[in-house]
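Notes follow once the structure below has been shown.
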Amino acid sequence: MKLQQIHHVAYRCNDAKETVEFYQRVLKMDFLVAISEDKVPSTKEPDPYMHLFLDAGNGNILAFFEIPNSPPMGFDPNTPRWVQHIAFQVEDEAALIKAKAEIEAQGLDVVGPTDHGIIKSIYFFDPNGHRLELTCVTGTPAQMKELKEIAPVMLEEWSKHKKVVTHASWLHQNEFSS
C-alpha cells in the first residue's frame with residue numbers, strides 16, 4: 001500500500017455556519033463541500049448531521065461535523081489542551097508575523113511566536129475550542145536530516161523508560177539561557 005496524502009481530517013463543531021465563516025475570515029480557506037443526511041452512511045444509524053469541507057491548501061482538506069442530536073461537545077479531560085491541535089504551515093517567518101497581527105486585529109488572543117528550534121509557531125483557538133497553530137519552517141536540511149536519523153533511537157529509549165530523551169535537546173538549547 002502506498003498512501004498519497006491525507007484526504008481530510010474531521011473534527012466536531014458547535015455551529016456549522018459559524019465554523020465556516022471563521023475559517024474563511026481568519027484563515028482565508030475556501031468552503032468546498034457541504035453534505036447533510038439523516039443517517040450515518042457507514043453505520044446506517046439515524047443521526048442527522050452537517051459535514052463541511054474546507055480547503056487548507058495543497059490538496060489538504062479540513063472537515064467538520066455538526067451533530068445537533070448528540071450531547072454537547074467536550075474535550076478529553078485527561079489530555080492537556082495544548083496537545084490536541086491543528087497545525088497549518090505558512091510560507092516564512094514574515095508571513096507568520098503578518099498572520100499574527102491579522103488574527104489579533106480580529107480580536108483573537110494569540111500566543112507566540114514560539115521558537116521550536118526548527119519551526120516557529122503561533123497559537124489561538126477557533127470558536128469550537130479547537131487549538132490552532134500556524135507555523136513556518138526555520139530548520140535547515142541538515143537539522144531535519146539529523147532529527148530523522150535520531151528519531152528511532154529516541155523512540156526506543158522513550159518506549160523503555162518513559163523519561164525525557166535528550167538527543168534533540170539542541171532544539172531548545174538557547175531558550176532558557178537568557
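FYI, it's all coordinate maths here, none of it is from the lab. Since the model is a prediction, treat every value here as computed from it, not as a measurement. Using ideal geometry, Cβ is built from the backbone for each residue, glycine included, and neighbour counts are taken over all protein chains shown.
Remarks
- Extending 7 Å from Cα along the Cβ direction at residue 94 and again at residue 67 yields two label points whose distance is 4.5 nm.
- With R₀ set to 35 Å, the beta-carbon distance separating residue 15 from residue 137 gives a calculated FRET efficiency near 0.55.
- Counting only GluC sites (Glu not before Pro) that DSSP places in a loop and that have at most 15 other Cβ atoms within 10 Å, the longest clean stretch of the chain runs over 1-90.
- Region 7-36 residues near the modelled residue 81 label - backbone nitrogen below 18 Å, point 7 Å along Cα→Cβ: 12-15
- Once the Cα-Cα distance is subtracted from the 0.36 nm per residue extended length, the residue 6 to residue 47 segment shows a gain of 12.2 nm.
- Residue ranges 71-84, 52-65 sort as 52-65, 71-84 when ordered by packing (mean number of other C-beta atoms within 10 Å per residue, highest first).
- For region 85-137, the gyration tensor built on C-alpha atoms gives an oblate shape. Its axis ratio a/c (a ≥ b ≥ c) is at least 1.5, and a/b is not larger than b/c.
- Summed side-chain charge close to residue 118 - residues other than residue 118 whose Cβ falls under 12 Å, Lys, Arg +1, Asp, Glu -1: +1
- Based on DSSP H segments of at least four residues, each scored -39500 (n - 2.57), the chain has a per-residue ellipticity at 222 nm of -8500 deg cm²/dmol.
- Over region 42-101 - Rg/Rh using Cα atoms and the Kirkwood inverse-distance radius: 1.08
- Förster radius 45 Å - calculated FRET efficiency between residue 102 and residue 159 (Cβ-Cβ, nearest 0.05): 0.60
- Sites residue 37 and residue 166, calculated FRET efficiency, Cβ-Cβ separation with R0 41 Å, nearest 0.05: 0.20
- Counting DSSP beta bridges with both ends in the chain, the antiparallel % (nearest 5): 70 percent
- Qualifying lysines (Cα of each under 27 Å from Cα of residue 28; at least 8 residues distant if same chain): 17, 98, 100, 120
- Distance from the C-alpha centroid of region 107-178 to that of region 39-69: 30 Å, rounded to the whole angstrom.
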